[in-house]
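A.B. asks: First, the structure itself, so that you have it in front of you.
The values are calculated or read from the model by the stated rules, or taken from the named source; none is laboratory data. Treat the numbers as computed from the prediction; the structure is a model and nothing was measured. Please note: Cβ atoms are built from the backbone with ideal geometry, for glycine as well, and neighbour counts cover all protein chains shown.
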Amino acid sequence: MRLSPFPKLKGRKVTVTGGGKQGQRLKRVALGFLRALKLDGVELSLSIVTDAQIRHLNKQWRHKDKATDVLSFPTGDALLGDVVISLQTGRRVARELGVSLETELNLYLAHGLLHLLGYDHHRRVDRVKMARAERKLLGDAGMLTRR
């Protein structure tokens, strides 16, 4: 029997850094996603950042020197990991696509969370599974099926 140095988390916890009102709204959305996925005893960290901040992370961790919409950093076990969302990219893309900022950010959150859970989209079979999971969370097309 393996003993964890940390007490077992009860329920679901989402910690948000940045984003003001959108950050707090995304916290509520994230809790709903965790419920929908039937995940209990888990914690998620969510950071709402600028394009410059996400560009720095993207360059550091993925060696891509450009801003992106969402990054995921899985840790595993009860602490699922970190989802980092660019609010600036969300605003820009929402305007370009004619959707609300809330819709766009929810999509980033769903996509990032699914990556933390091991979903991927590099192979067609994986893309189909992830797209199905995005649709389940969002009730509509996700990042993989809208573009």
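A.B. asks: Looking only at the stretch 20-58, how many residues end up being assigned to a loop (DSSP other than H, G, I, E, B) and within 17 Å of F73 (Cβ to Cβ)?
C.D. replies: 0
A.B. asks: Yes or no: the stretch 113-128 includes at least one residue that is exposed (fewer than 15 other Cβ atoms within 10 Å of the Cβ), part of a helix (DSSP H, G or I) and touching a Phe, Trp or Tyr at 6+ places or on another chain (Cβ under 9 Å).
C.D. replies: Pass one, the stretch 113-128, residues exposed (fewer than 15 other Cβ atoms within 10 Å of the Cβ): 118, 120, 122-126, 128.
When the remaining residues are screened for being part of a helix (DSSP H, G or I), the result is 124-126, 128.
Okay, now just the ones that are also touching a Phe, Trp or Tyr at 6+ places or on another chain (Cβ under 9 Å), so 126.
Yes, the stretch 113-128 contains a residue that is exposed (fewer than 15 other Cβ atoms within 10 Å of the Cβ), part of a helix (DSSP H, G or I) and touching a Phe, Trp or Tyr at 6+ places or on another chain (Cβ under 9 Å).
A.B. asks: Let me confirm something: among V83, V42, which residue is of a type in the set (V, I, T), at pLDDT below 95 and closer than 18 Å to L137 by Cα?
C.D. replies: Exactly one of V83, V42 is of a type in the set (V, I, T), at pLDDT below 95 and closer than 18 Å to L137 by Cα, namely V42.
A.B. asks: Within the stretch 123-140, track down each residue that is closer than 14 Å to A30 by Cα and acidic (D, E).
C.D. replies: Initially, the stretch 123-140 is screened for residues closer than 14 Å to A30 by Cα, giving 134, 136-138.
Answer for the stretch 123-140, where residues must be closer than 14 Å to A30 by Cα and acidic (D, E): just E134.
A.B. asks: Let me ask something additional. Identify all residues within the stretch 92-112 that are charged (D, E, K, R) and buried (at least 17 other Cβ atoms within 10 Å of the Cβ); write none if there are none. First the steps, then the outcome.
C.D. replies: Within the stretch 92-112, the subset charged (D, E, K, R) is 92, 95-96, 102, 104.
The answer is E104, and nothing else.
A.B. asks: Identify, please: which residue in the stretch 61-91 is among the hydroxyl-bearing types (S, T, Y) and either surrounded by 18 or more Cβ atoms within 10 Å (Cβ to Cβ) or in contact (Cβ under 8 Å) with a residue 24 or more places away in the chain (or both) and is, among those, nearest to Q22 (Cα to Cα)?
C.D. replies: S86
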